[in-house]
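A short write-up of the structure that comes next.
Please treat every number below as a calculation from the coordinates, not as lab data. Remember, it's a predicted structure, so these values are computed and weren't measured experimentally. Cβ sites come from the backbone with ideal geometry, for glycine too, and all protein chains shown count toward neighbours.
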Amino acid sequence: MTSRQRTLFDRDDVSTTSEVELRTVMRFPAFKNISNGDLFSLSLSNNTSALTHGMHRFAAKFIPQIPAWAIEEFAEKSSTVLDPFCGSGTTLVEALHRCKSGIGIDCDPLACLIAGSKTASVSPKRIRSLAVALERAWTVPATELTDPMPGIRDFGHWFSKDAWGWLQSLRDCVLALEASETERRFFLTVFSSIVRWVSNADDQTQKTYVSGTLKKSPPAVVPVFWKALRKAESALGQLQEWRLRDAEAKVMCGDAANIDIKPESIDLVVTSPPYLDSVDYMYNFMLEYFWLGPLLGVKDKTQFNGMRRGVIGAKNPASREVPLLPESSADLIAEEDVAPARLLATRMYCHMMGRHFASVGRAMKPQARYVLVVGNSQSHAGALPIHDMLIRLAADAGLKFERAFAYRVRRHYMKFPRKGRGGIILMDWVIVLRRASRPQDYPPRLPIPNVQLGHDEVAH
C-alpha cells in the first residue's frame, strides 16, 4: 500500500467515527437545527413507496423523505424545483404537493418514461376505462414470437415461450389503444414494471442475469399485469388528490452537463447524481429495454450498448480523451493509486460532474440552493471520499458549501449476503450548497463514519 493509499483509506487526515452514534428520527430536523456532520437514522416506519413512488422498481433511487425535507425547507409554493438526474421522478412527485413546477432531466429514456408516468396529470377514471378496452382486446398470447429489439441473442434465455407470447400480445394491444400519448405511456410504464418479475432473471439483485443457483419460477404474466395496473391506478388517484392545484411536472430527456433551461430560473435543485463506477442503470433495465427500447428511440442492441457508455458515472466511458483528474482532488485521489481499469471512469466522472455544476449554476437563481445526495461505496479497502470531491467541484463552479449531514441507509437491494460487501452504500450524505457569484474556498473534509453492514440487514 502506498502512502497516498493510506491517506485515502486509513484517513489519517480526516476524522473517522469508530463508534457511530446515530440519532434515530421520524423525519429530518429543520435545517437551522442541524449541525455540520450530524448523523441520523430514519425510522423504518417511514413509508418510501406511497403515492406513485412504488409504481416501478428503480436502482439506487433515493427515499422521498429527502426531497420532501429539502422542498419544505428551501422552496415556496411559487418555486420551480429542478432534479437534473431525475431517474424515476422521486423529487418531482414530492414537488407536485408543494410547488407549482417541477422539472426533471435524465439521459435515460426509460427513466424519463417512468418519471413522466409517475407525475402524469391523467384521470384515474380514464385509466379504468382504457383498462376495460384493453381487457377485451388482450385475450390470447401471440403465437408468432418475434424478438422485440434487433440484435438480441437467444431471447428465449430470458423468457419462457408462454411469458414471451403474453408480453408480446400485451404490448401490441397497448399500442393499439385509442388513447393519448400520455395515457399510452402510463400503460407502457406498468408493462415495464412487470417485465423483470415475469422473466427468468433473478429478482434478488439489481443486475440482470439468470441465476444458476437460485432457480426462479416466474409468475404468470396476466395476473401480474392486472395487479400492477390496479396498484398504479390507485396510486395515481392518491397523487391527484395530493398534488397542488395546477401543479405541473415536466420531464426532459437531456444532458445534466449541458442543461437547456432559461438562465436564473430555478429556485431549488434537489438531486442524487450517479455514483462513480457504481450502478449501471441501463444494464439493470436491459430486459425492459429489450421490449420498449425501439419505442423510446433505442433502435437496437448496439445503440443500447453505446448509450450505456455515454452516461455520467459509466464504468467504461465511450470517450477516451478526457482531462486528468482536477487539481482540487489531488489530496483526495491520486491517479497513480487508481486501478488502471477504473482510471478513465474516474477522470470522466470528475470532468462531467464539474461541467454539470457549472451548467446547473447558470440555471439557478442568485442565492438558490442545491441539495445533493451522495453515498460513499464500501469496498474491501475502504470508502472513496466522493462527497468531498463533489463539494470541491461544486465550489469551483461557484456553489458555496453550507453544511452536510448523513443518514444511515437501512434498506439494501441485495437480499443475500456478499462476503466483501463491495459496492453497498451504508451512509448517504445530504449536502446543502448555495449559489454564489464566484468560486469558493474548499471547506474542511467531512468524516467517513465507520459503519458496518449487519448480517441480518437485507433489501426491500
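A Förster radius of 25 Å combined with the Cβ-Cβ distance from R309 to A60 puts the calculated FRET efficiency at roughly 0.85. Once backbone amide H atoms are built at 1.01 Å from N, I105 has D83, F85, C86, M252 as its partners under 5 Å, excluding neighbours fewer than 5 places away on the same chain. Across segment 203-218, computed HN-Hα scalar couplings (Karplus, 6.51 cos²θ - 1.76 cosθ + 1.60, θ = phi - 60°) run 8, 8, 9, 5, 5, 9, 7, 9, 6, x, 10, 9, 4, 10, 10, x Hz from first to last residue, x flagging Gly and Pro.
Starting from the Cα of E241, move 7 Å in the Cα-to-Cβ direction to define the label point; list residues of segment 31-57 whose amide nitrogen is under 19 Å from there. It comes to 47-55, nothing else. Cut-off under 23 Å on the C-alpha distance; same-chain residues fewer than 8 positions from K215 excluded. Which lysines are left, in chain and number order? Cα-Cα hits under 23 Å: K161, K207, K415, K419.
Remark: the E21-R136 segment gains 35.6 nm on full extension, using 0.36 nm per residue and subtracting the alpha carbon distance. Put simply, the amide H of A368, placed in the peptide plane, has neighbours under 5 Å in R435, leaving out anything fewer than 5 places away on its chain.
From the Cα gyration tensor of segment 202-312, with a ≥ b ≥ c the square roots of its eigenvalues, which class applies: rounded if a/c is under 1.5, or else prolate if a/b is larger than b/c, or else oblate? Since a/c reaches 1.5 but b/c is at least a/b, the shape of segment 202-312 is classed as oblate.
Remark: segment 294-302, residue by residue, has Karplus-estimated 3J(HN,Hα) of x, 7, 9, x, 9, 6, 7, 5, 4 Hz, where x stands for each Gly or Pro and the curve is 6.51 cos²θ - 1.76 cosθ + 1.60 at θ = phi - 60°. Multiplying the residue separation of K227 and E264 by 0.36 nm and subtracting their alpha-carbon distance yields 8.9 nm.
Considering helices alone, the calculated mean residue ellipticity of the chain at 222 nm is -10500 deg cm²/dmol, with DSSP H runs of length four and up weighted by -39500 (n - 2.57) and normalised per residue. Within the shell of other residues whose beta carbon sits under 15 angstrom from the beta carbon of R355, the net charge comes to -1, with Lys and Arg scored +1 and Asp and Glu -1.
What does the charge count around Q168 come to, taking other residues whose C-beta lies under 14 Å from its C-beta (Lys +1, Arg +1, Asp -1, Glu -1)? Once all neighbours under 14 Å are counted, the net charge is -2. Per-residue 3J(HN,Hα) values for segment 101-115, derived from phi via the Karplus relation 6.51 cos²θ - 1.76 cosθ + 1.60 with θ = phi - 60°, read 8, x, 10, x, 10, 7, 8, 9, x, 5, 4, 5, 4, 5, 4 Hz in sequence order (x marks Gly and Pro). What the Cβ-Cβ distance of A220 and E336 gives, at R0 = 60 Å and to the nearest 0.05, is a FRET efficiency of 0.65.
May I ask you to give the average projected area over all directions of the convex hull of the Cα atoms of segment 201-240, in nm² rounded to one decimal? Write out the running numbers ahead of the final one.
Values: hull surface 15.4 nm².
So the Cα hull casts an average projection of 3.9 nm².
In angstrom, the C-alpha Rg and Dmax of the chain are 22.2, 69.
Bridgeable lysines around K262 (alpha carbons under 24 Å apart, same-chain partners fewer than 8 residues away excluded): K77, K100, K250, K365, K400.
Extents of segment 124-239, largest first, come to 44, 32, 23 Å (Cα atoms, principal axes, whole angstrom).
Let me make sure I get this right: for segment 72-174, a, b and c are the square roots of the gyration tensor eigenvalues over alpha carbons, sorted descending. Under 1.5 in a/c it's rounded, otherwise prolate if a/b > b/c, else oblate. Which is it? Verdict is oblate for segment 72-174.
Listed peptides 268-274, 134-140 appear in the order 268-274, 134-140 once ranked by packing, highest mean of other Cβ atoms within 10 Å at the front.
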